[in-house]
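Shown next, in structure tokens, is the structure this report addresses.
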Amino acid sequence: MKIAVMTDVHGNLPALQAALRTIRREGADAVYHTGDAIGIGPFPAECFELMLGTPGMKLIRGNHDSWFANGLPEPPPPWMSDGELEYQNWVHSSIEPAFRNSIGQWPYLIEGVFEGVRISFLHYALTASRDDFASVVREPCPADLDRLFADIESDLVFYGHDHWPSDLIGTARYVNPGSLGCHSEPIARFVILECDSGSFELKMRHVPYDDRALFEQFERRDVPHRHFIYQSLFGGRNAPAEAGKNRL
């Protein structure tokens, strides 16, 4: 069985299209996205439409998806600045409200056995309530991930949320493909996993994409605080020198 795993598309339609073209050519039986289809990029509605319309695509809920489905936290948490609120409201106003019902049914966790391999897919470690996420551990070691995912009993755990790719072995093998939609270079990252008779092989993949339409639509759609987004989430691509002044 061949599975593709991606995470954190974050409204980047050109990157998503490039990844799905490659995945179709390679003949994956299913595609798993481990959360945050929207947020950051200028194509929230288009990414939802493409992902919901892709056969064999399994969609897991991330924090940005939950904020759209359930509404932004009230009152806003201390870390959510006025700029972040303005941006999130722009994202939500760009999507048809009818999508909320579909997104609200996405699970926080999918678990299964694939050709004898136990696999879990989730956006990040869940809190005790099972509907929120633990604080991100930056540059984790295997012991950190063993602690975070202590209640998961799988051979493989795929996650995202932290945009940096990681592949570490503790009590399970923990794999973060890295954000598909946010990177300092115009490449879409994902994993191809092949399972057979209780064993598996995985390959970290990345494919280039043309990012001109991405930045054209940031500007054309007048995305709030886009210059800060360019600087902080796209490695300064398309960012003017004063980008850092527009903080979310």
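The values are calculated or read from the model by the stated rules, or taken from the named source; none is laboratory data. Remember, predicted model here, so these are calculated numbers, not experimental data. No Cβ is skipped: glycine too gets one built from the backbone with ideal geometry, and neighbour counts run over all protein chains shown. Accessible surface is based on the protein model in full, side chains and every heavy atom, while ligands, DNA and RNA are left aside. Shrake-Rupley method; radii C 1.70, N 1.55, O 1.52, S 1.80 Å.
Points worth noting:
- Pick from the range 103-146, criterion of a type in the set (Ser, Thr, Tyr) and in contact with a strand residue (DSSP E or B) (Cβ under 9 Å, 6 or more places away or on another chain), ranking: farthest from Asn176 (Cα to Cα): Thr127
- In the range 14-43, the residues that are surrounded by 23 or more Cβ atoms within 10 Å (Cβ to Cβ), in contact with a Phe, Trp or Tyr (Cβ under 6 Å, 6 or more places away or on another chain) and in a helix (DSSP H, G or I): Ala15, Ala19
- Qualifying residue in the range 224-232 (condition: in a strand (DSSP E or B) and open to solvent by 30 Å² or more (accessible area, probe 1.4 Å)): no
Residue-wise test of (1) under 21 Å from Gly41 (Cβ atoms); (2) out of contact with any Lys or Arg (no Cβ under 9 Å at 6 or more places or on another chain); (3) of a type in the set (Lys, Arg).
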site: Leu156; (1), (2), (3): no, no, no
site: His161; (1), (2), (3): yes, yes, no
site: Pro186; (1), (2), (3): yes, no, no
site: Leu202; (1), (2), (3): no, no, no
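Here's the yes/no breakdown for (1) hydroxyl-bearing (Ser, Thr, Tyr); (2) closer than 16 Å to Asn63 by Cβ; (3) modelled with pLDDT of 95 or more:
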| position | (1), (2), (3) |
| --- | --- |
| Pro107 | no, yes, yes |
| Ser120 | yes, no, yes |
| Cys141 | no, no, yes |
| His161 | no, yes, yes |
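- Within the range 110-142, tally of residues that are surrounded by 16 or more Cβ atoms within 10 Å (Cβ to Cβ) and either in a strand (DSSP E or B) or under 15 Å from the mean Cα position of the chain (by Cα) (or both): 13
- For the criterion of being outside any loop (DSSP other than H, G, I, E, B) and at pLDDT 95 or above, Cys182 fails.
- Note on the range 44-66: residues that are under 23 Å from Glu185 (Cβ atoms) and open to solvent by 10 Å² or more (accessible area, probe 1.4 Å) total 3.
- Residues satisfying the stated conditions in the range 178-203, i.e. more than 17 Å from Gln17 (Cβ to Cβ) and touching a strand residue (DSSP E or B) at 6+ places or on another chain (Cβ under 7 Å): Gly178, Val191, Ile192, Leu193, Glu194, Cys195, Gly198, Phe200, Glu201, Leu202, Lys203
- Some residue of the range 156-164 being of a type in the set (Val, Ile, Thr), within 27 Å of Arg237 (Cβ to Cβ) and open to solvent by less than 50 Å² (accessible area, probe 1.4 Å): no
- Qualifying positions in the range 187-223 - touching a residue at least 40 places away in the same chain (Cβ under 8 Å), farther than 23 Å from Ala28 by Cα, of a type outside the set (Lys, Arg) and assigned to a loop (DSSP other than H, G, I, E, B): Asp210, Asp211, Val223
- The range 166-218, residues that are of a type outside the set (D, E, K, R) and open to solvent by 60 Å² or more (accessible area, probe 1.4 Å): Ile169, Thr171, Ser184, Ser197, Ser199, Phe200, Met204, His206, Pro208
- Count of residues meeting criterion [within 18 Å of Phe228 (Cβ to Cβ) and either open to solvent by less than 30 Å² (accessible area, probe 1.4 Å) or aliphatic (A, V, I, L, M) (or both)] in the range 69-83: 2
- Test: Gly53 is free of Cβ contacts under 8 Å to residues at least 12 places away in the same chain and on the phi > 0 side of the Ramachandran plot: no
- Listed by first and then second residue, the pairs linking a residue in the range 84-104 that is surrounded by fewer than 12 Cβ atoms within 10 Å (Cβ to Cβ) to a residue that is at pLDDT 95 or above and assigned to a helix (DSSP H, G or I), with Cβ atoms under 8 Å apart and 6 or more places separating them unless they lie on different chains, are Glu96/Ala45.
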